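Novice: The following block contains the structure, expressed as structure tokens.
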Amino acid sequence: MTAVQEHVTEPIVPLRRPGRWVAGAVLAVLAAMAVSFVLTTPALRPDLVAGYLFEKSIMRGLLLTVELTALAMLAGLVLGTALAIMRLSENPLLRGVAAAYVWLFRGTPILVQLLFWFFLGAVMPRVSLGVPFGPEFFSAPVNALITPFTAAILGLGLNEAAYMAEIVRAGIGSVDRGQREAAEALGMRPALVYRRVILPQAARVIVPPTANETISMLKLTSLVLVIGLPDLLTSAQLIYGRNFQQIPLLIVASIWYLVLTTLLTFIQSRLERRLGRSDVQVGGHA
Amino acid sequence: MNGPDGHVNGPGESVNGPDERVNAQVPLLSATGVRKSFGRVEVLKGVDLTVYPGQVVCLLGPSGSGKSTFLRCVNHLERIDAGEIWVDGHLVGYRRAGGKKYEMRPREVADQRRDIGMVFQRFNLFPHRTALENVMEAPRHVLGQPRDAVRQAALDLLRRVGLAERADHYPAQLSGGQQQRVAIARALAMRPRLMLFDEPTSALDPELVGEVLDVMKDLAGAGMTMVVVTHEIGFAREAADHVVFMDDGTIVEAGRPTELIANPQHPRTKAFLAKVL
Ligand SMILES: Nc1ncnc2c1ncn2[C@@H]1O[C@H](COP(=O)(O)OP(=O)(O)OP(=O)(O)O)[C@@H](O)[C@H]1O
Ligand SMILES: [Mg+2]
């Protein structure tokens, strides 16, 4: 007993972490090399980067990229959630349709899908609504309905829905079975069970991969080049096609992609914090 | 209120025969010949049970005997294969017309469940909502009642289960016993005619069992009709009007708690009670 009491006041020496210092030194050297490369390489042309950063066609491209990303992700999220719920329903027909959708849209290249919607007018000059082989109630030329912009939204959105369907399905699957039963036992109708109980809890699992999808959609939108839409990257390419300043313009585009990605990452962490509110342990808040 | 057909009351009379008081009333729950199979395994092999308003019925029996399954059939969380269940004058899960029973749509089944409260072994509180929000959820969003009235009623219920000062806590911040009491308040918020409890204390640490049983005894004392699956023989003896012993998908023996627990007749009841007492 007395021996123990002698030790009680001895100071505690924290664990030393020499690895951190080594890693820090290596990183500092690498950072210095990068800075010196940027400052001493004239081909990077920081003056041109600054000059083109807010150029009019770059701004228009940026706006288009943001619009396409937002609309395609919105379509993907809404349709993907519907597909996920269909996939989990008791109706074998709905299950089959959802599975077939995911199979088709995940199984073909996005480029093909974009071009397909764009050239739909060529294979199907008119769309019509009515009884198959019977009378028509509505009919319009496809080329008037499907502009390059709508083709882009269709191509990106319908493709995204297939991926979102799997993400949402995994999210719903992560919610404890007892949650649905408790909700049902309270007399909640199926739609309310999803809206109030299942989806809010699934959201925690859905948000991180959805943020991933959104960030990758940001860059995927540059594929709309093939149907003649000037997104951010395409606009930069159009400019360097004329003045041959490839590197500075690619830097301009990259800066904007990084700005958007940073913004999305910020929104993601805010959302995750909000959804994690209920995790606070006893004593965390009272 | 269109009561169940005359023949449905049959089994109830034999079970509750000695009690003149309850016999005069219309049963609140009346199950006749209920059968249920999972795949090729028959889990319920013709269960008859009658519960009168204000009665507390305890369902005892070994693990796997079908107690939970029967309880889940009562509010149609499981579809039954044969027989029928009436609750408060309504045939559970089916609509009778022209000599046939038509299966109800999910939303109709949901509407039927409003009058039946259920408490689960694992609480199943909504983890993303506070205790108060859990209790308010169904009256607000199923019944669409005004916010302030629902909030007041929910606070009253939390006070009734002794948790008024925990209203703003999330389930993760509550002990098991507190969570189960919130779950009881949540079920009561719909003002159910019948409360079903599926082993409400089995997931609790021994020292937390008492606080939940106390709430249930209060509820029983206030006249709530309850069907309770439990291994708490003490609770059955103290609070139940009627004890039913289930084994292998059938009701083996039933009677007043004092008689059945002290003096079981059937060998399987004897064997079970010898183990749990
Ligand atoms: N969804 C299901 N699918 C297949 N079998 C099931 C299902 N639910 C229950 N069973 C089976 O039905 C039988 C009865 O189960 P039940 O849960 O009703 O028993 P119990 O009396 O409540 O037992 P315990 O005291 O362990 O809770 C068990 O053999 C169980 O494995
Ligand atoms: Mg059980």
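Novice: Quick check on my filter: what residues within region B:56-82 are more than 9 Å from ligand 1 (Cβ to nearest atom) and either among the polar types (S, T, N, Q) or in contact with a helix residue (DSSP H, G or I) (Cβ under 9 Å, 6 or more places away or on another chain) (or both)?
Specialist: Result: B:56, B:58, B:60, B:75, B:76, B:77, B:79, B:80.
Novice: Go through (1) at positive phi; (2) crowded, with 21+ Cβ neighbours inside 10 Å and name the single condition residue B:191 misses.
Specialist: Condition not satisfied by residue B:191: (2).
Novice: Just for region A:144-197: of the residues that are more than 14 Å from chain B (Cβ to nearest Cβ) and under 17 Å from residue B:127 (Cβ atoms), which one is surrounded by the fewest Cβ atoms within 10 Å (Cβ to Cβ)?
Specialist: The extreme case among them is A:173.
Novice: Would you tally the residues in region B:96-116 being under 25 Å from residue B:143 (Cβ atoms), in a loop (DSSP other than H, G, I, E, B) and open to solvent by less than 100 Å² (accessible area, probe 1.4 Å)?
Specialist: Of the residues in that region, 3 qualify.
Novice: If you check B:149, B:82, which single one turns out to be of a type in the set (A, V, I, L, M) and either more than 21 Å from the chain's Cα centre (by Cα) or more than 19 Å from residue B:31 (Cβ to Cβ) (or both)?
Specialist: Criteria check complete, one pass: B:149.
Novice: Could you check region B:103-125 and list, in sequence order, the residues that are more than 7 Å from chain A (Cβ to nearest Cβ) and within 23 Å of residue B:171 (Cβ to Cβ)? I'd like the intermediate steps shown before the answer.
Specialist: Just the residues of region B:103-125 that are more than 7 Å from chain A (Cβ to nearest Cβ), to begin with: B:103-105, B:108-109, B:112, B:115-117, B:119, B:121, B:123, B:125.
If the condition is that a residue be more than 7 Å from chain A (Cβ to nearest Cβ) and within 23 Å of residue B:171 (Cβ to Cβ), then B:116, B:117, B:119, B:121, B:123, B:125 are the ones that fit.
Novice: Filter region B:131-149 for residues that are more than 9 Å from chain A (Cβ to nearest Cβ) and either within 16 Å of ligand 1 (Cβ to nearest atom) or under 30 Å from residue B:205 (Cβ atoms) (or both) and give the result.
Specialist: B:131, B:132, B:133, B:134, B:135, B:136
Novice: Mind listing just one residue for me: the one in region B:56-86 that is of a type in the set (Lys, Arg) and within 14 Å of chain A (Cβ to nearest Cβ) and, of those, nearest to ligand 2 (Cβ to nearest atom)?
Specialist: So, considering only residues that are of a type in the set (Lys, Arg) and within 14 Å of chain A (Cβ to nearest Cβ), the one nearest to ligand 2 (Cβ to nearest atom) is B:72.
Novice: Within region B:44-53, is there a residue that is open to solvent by less than 10 Å² (accessible area, probe 1.4 Å), assigned to a loop (DSSP other than H, G, I, E, B), within 20 Å of residue B:193 (Cα to Cα) and at pLDDT 95 or above?
Specialist: yes
Novice: Moving on. Taking region B:233-252 as the region of interest, how many residues are open to solvent by less than 20 Å² (accessible area, probe 1.4 Å), within 14 Å of ligand 1 (Cβ to nearest atom) and assigned to a strand (DSSP E or B)?
Specialist: The total comes to 3.
Novice: Check residue B:128 against each of (1) within 12 Å of chain A (Cβ to nearest Cβ); (2) surrounded by fewer than 21 Cβ atoms within 10 Å (Cβ to Cβ); (3) of a type outside the set (A, V, I, L, M, F, W, C) and name the one condition it does not meet.
Specialist: That leaves (2) as the condition not met.
Novice: If you check B:93, B:89, which single one turns out to be crowded, with 19+ Cβ neighbours inside 10 Å, at pLDDT below 95 and more than 13 Å from ligand 2 (Cβ to nearest atom)?
Specialist: When all the criteria are applied, what remains is B:93.
Novice: Is it true that residue B:48 is out of contact with any Leu (no Cβ under 9 Å at 6 or more places or on another chain), in contact (Cβ under 8 Å) with a residue 40 or more places away in the chain and more than 14 Å from every other protein chain (Cβ to nearest Cβ)? Break it down into steps so the answer makes sense when it comes.
Specialist: Details: out of contact with any Leu (no Cβ under 9 Å at 6 or more places or on another chain): yes; in contact (Cβ under 8 Å) with a residue 40 or more places away in the chain: yes; more than 14 Å from every other protein chain (Cβ to nearest Cβ): yes.
Taking the combined requirement at face value, the residue satisfies it.
Novice: Here's a follow-up. Could you tell me which numbered condition residue A:205 fails, if it satisfies all but one of (1) within 26 Å of the chain's Cα centre (by Cα); (2) of a type in the set (Val, Ile, Thr); (3) away from chain B (no Cβ under 14 Å)?
Specialist: For residue A:205, the failing item is (3).
Novice: State which residue is farthest from ligand 1 (Cβ to nearest atom) when the search covers only region B:175-193 and only residues that are closer than 15 Å to residue B:220 by Cα and in contact with a Gly (Cβ under 7 Å, 6 or more places away or on another chain). Before the answer, list the steps.
Specialist: Kept after step one, since they are closer than 15 Å to residue B:220 by Cα, are these residues of region B:175-193: B:181, B:184-185, B:187-188, B:191-193.
In the following step, the residues that additionally are in contact with a Gly (Cβ under 7 Å, 6 or more places away or on another chain) were identified as B:181, B:187-188, B:192.
On the way: B:181: 21, B:187: 19, B:188: 23, B:192: 21 Å.
Out of the qualifying residues, it is B:188.
Novice: Here is a follow-up. Give me the pairs: first residue in region A:58-78 and over 24 Å from residue A:105 (Cα atoms), second residue among the small types (Gly, Ala, Ser), beta-carbon distance under 6 Å, and six or more apart or on different chains, which are they?
Specialist: Matching pairs, first to second residue: A:58/A:235; A:61/A:235.
The values are calculated or read from the model by the stated rules, or taken from the named source; none is laboratory data. What you see is a predicted model, and the numbers here were worked out from it, not measured in a lab. FYI the Cβ positions are ideal-geometry reconstructions off the backbone, even for glycines, and counts take in every protein chain you see. These accessible areas exclude ligands, DNA and RNA; they are computed on the full protein's heavy atoms, side chains included. Shrake-Rupley method; radii C 1.70, N 1.55, O 1.52, S 1.80 Å.
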